[in-house]
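Colleague: Sharing a structure, written as structure tokens. Questions coming.
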Amino acid sequence: MNSNFEDTYRHKGMRRQLVDLLRTKGITDENVLKAIDEVPRHVFLDSSFVELAYQDIAFPIGSGQTISQPHTVAFQTQLLEIKPGMKVFEVGTGSGYQACVLAAMGAKVISVERQKNLFHKTQDLLEKLPFRVKTFLRDGYEGFASYAPFDRVIITAGAPTIPEELIKQLKPNGIMVIPIDDENGIGQKMLRITKLADGSLKQEEFGGFKFVPMLKGKGKD
Ligand code: SAH
């Protein structure tokens, strides 16, 4: 993690350019773009990568995991249709960046991570930042019954199937955004699942993405 929390005019300028780039790539929700403009992505990366923090690329963050590409973060967030005060459950805290983008939009974020080292590293970072995110070392497949039901659920790892328990913990009219492994086993297709008032599910499919896998149980390190 970057121990330098300075957010200079230069960082802010690079972030503005990233926002402009995301607009050209089809992100239209102004609240999402405002949150991307607010959250200093460079503090989520090792300091040697600061120069690259505002390019639209994914990055290694240790424990074999990655911080998602800004476009992917913006795309998933836009599909969630976040309103202030919503309770959001995130699977895959990773660097904490996605969780902070959601918090910057006024969501109450509960985020879980299965890798111990990454969990601790990110929890230390989040304590120093002004975004209110609750993080836990847990297996996302279990959801989080004591915080449920959720207005929104976001999965930031590639899932083989839709986790049943997480559908149960979604409120009526709630939305889940989840990348599901595609048939050829190379990447994922983005699904938005809406739990209608009568409990039935509406499913919409969006383009192809590439995520690290959603794995069962807690990680070894
Ligand atoms: N949202 C993150 C992206 C992290 S990559 C960010 O903004 O940086 C996906 C993360 O999901 C990895 O850290 C991985 O360890 C975690 N993960 C995978 N399967 C999981 C599970 N079952 N429960 C919780 N976390 C999981």
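Colleague: Can you return the aspartates and glutamates within cross-link range of K195? Criterion is Cα-Cα under 16 Å, with same-chain partners fewer than 8 residues away left out.
Modeller: E81, D151, E164, E165, E204, E205
Colleague: Working out 0.36 nm times the residue gap between N31 and I57, then minus their Cα-Cα distance, what length gain in nm do you get to one decimal?
Modeller: Gain in length upon complete extension: 7.2 nm.
Colleague: Provide V43, V153 in ascending order of the number of other Cβ atoms located within 10 Å of each residue's Cβ, fewest first.
Modeller: Ordered by Cβ neighbours within 10 Å, fewest first: V43, V153.
Colleague: Turning to a different aspect of this structure: When Lys and Arg each count +1 and Asp and Glu each count -1, what net charge do the other residues less than 12 Å away from D37, Cβ to Cβ, add up to?
Modeller: Summing Lys/Arg as +1 and Asp/Glu as -1 gives +2.
Colleague: What list of ³J(HN,Hα) values in whole Hz, one per residue of segment 157-173 in order, does the Karplus curve 6.51 cos²θ - 1.76 cosθ + 1.60 (θ = phi - 60°) give from phi, with Gly and Pro shown as x?
Modeller: 9, x, 9, x, 9, 7, x, 3, 4, 6, 5, 4, 8, 8, 5, x, 6
Colleague: Quick one: net charge around R152, please, counting Lys, Arg +1 and Asp, Glu -1 for every other residue with C-beta under 12 Å from its C-beta.
Modeller: Taking every other residue near R152 into account, the sum is +3.
Colleague: When ranked by the protection proxy of mean other Cβ atoms within 10 Å per residue, highest first, what sequence do the peptides 87-93, 13-19 form?
Modeller: Highest mean packing first, the order is 87-93, 13-19.
Colleague: Would you mind ranking S68, S146 by Cβ crowding within 10 Å, fewest neighbours first?
Modeller: Result, fewest neighbours first: S146, S68.
Colleague: Return the lysines within reach of K216: Cα separation strictly under 17 angstrom, same-chain partners fewer than 8 residues apart disregarded; answer none if there are no such residues.
Modeller: Within the straight-line cut-off, K216 pairs with K116.
Colleague: Give the peptides 101-114, 184-197 in descending order of average Cβ contacts within 10 Å, highest first.
Modeller: 101-114, 184-197
Throughout, read-outs are computed from the coordinates displayed, never taken from laboratory work. Everything numeric in this text was worked out from a predicted model, so none of it was measured. Glycine gets a Cβ as well: all are built from the backbone with ideal geometry, and neighbour counts include every protein chain shown.
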